[in-house]
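Novice: Next up is a structure, given as structure tokens.
Each reported figure results from applying straightforward, stated rules to the coordinates on display, with no laboratory input. Because the structure is predicted, anything quoted here is derived from the model rather than measured. Don't worry about glycine lacking a Cβ; one is built from the backbone with ideal geometry, like all the others, and counts go over all protein chains shown.
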Amino acid sequence: MSADLRHEMADAFDAVLGDMRQAASRLTAALAAERDALERADADALHLAGQDKQAQLDRLEQLDAERQQLARAVAATTPAQRAAWEGVMSTLADCRHANQSNGQIVGQRLRQVRQALAVLTGGAESGVYGPGGTLRIDHRSLSLAEA
């Protein structure tokens, strides 16, 4: 491989790493918007944040494929390239944590909705604990909504 071609490949590798850094930052912002929408219970904002999050994930996947291809073509990476890659990976680790936190919020809300529905419909989750600490399920003949 000629020196000019190696230089072009290294420049392309740098550009891909820069694009990945930008996409990871946008993903961080999308996850923050998602959390905000969850906290405000804003379904429209949640939908938009989810679309943005997916777009950034798709972009990162595409860029990572390019990065891998360029990494095979470039004989060795420079310390600056390794540092840039470590920065991207650190940002993505933060994104994973934020996404898990958002998922926990969604899970909690889902449990709350299921419990509320169980109370309204007289389902099994509408039981209460008795004085002995055992769960007592009230099998009503009518649900709360029918009463």
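Novice: With respect to the numbered conditions (1) loosely packed, with under 13 Cβ neighbours inside 10 Å; (2) under 30 Å from Met9 (Cα atoms), which one is the sole condition not fulfilled by Gln51?
Specialist: Only one criterion is unmet by Gln51, namely (2).
Novice: Next up: Condition check: of a type in the set (D, E, K, R) and under 17 Å from Ala93 (Cβ atoms). Does Glu66 satisfy that?
Specialist: Against the criterion (of a type in the set (D, E, K, R) and under 17 Å from Ala93 (Cβ atoms)), Glu66 does not qualify.
Novice: Within the range 4-39, how many residues turn out to be of a type in the set (Asp, Glu), crowded, with 16+ Cβ neighbours inside 10 Å and closer than 17 Å to Asp94 by Cα?
Specialist: Looking only at that region, the number is 1.
Novice: Considering only residues that are under 30 Å from Asp4 (Cβ atoms), assigned to a helix (DSSP H, G or I) and hydrophobic (A, V, I, L, M, F, W, C), which ones fall in the range 34-88?
Specialist: Result: Leu60, Leu63, Ala65, Leu70, Ala71, Ala73, Ala80, Ala83, Ala84, Trp85, Val88.
Novice: Considering only the range 1-27, how many residues are without any contact (Cβ under 8 Å) to a residue 12 or more places away in the chain and either in contact with a strand residue (DSSP E or B) (Cβ under 9 Å, 6 or more places away or on another chain) or assigned to a helix (DSSP H, G or I) (or both)?
Specialist: The number of residues fulfilling the criteria is 8.
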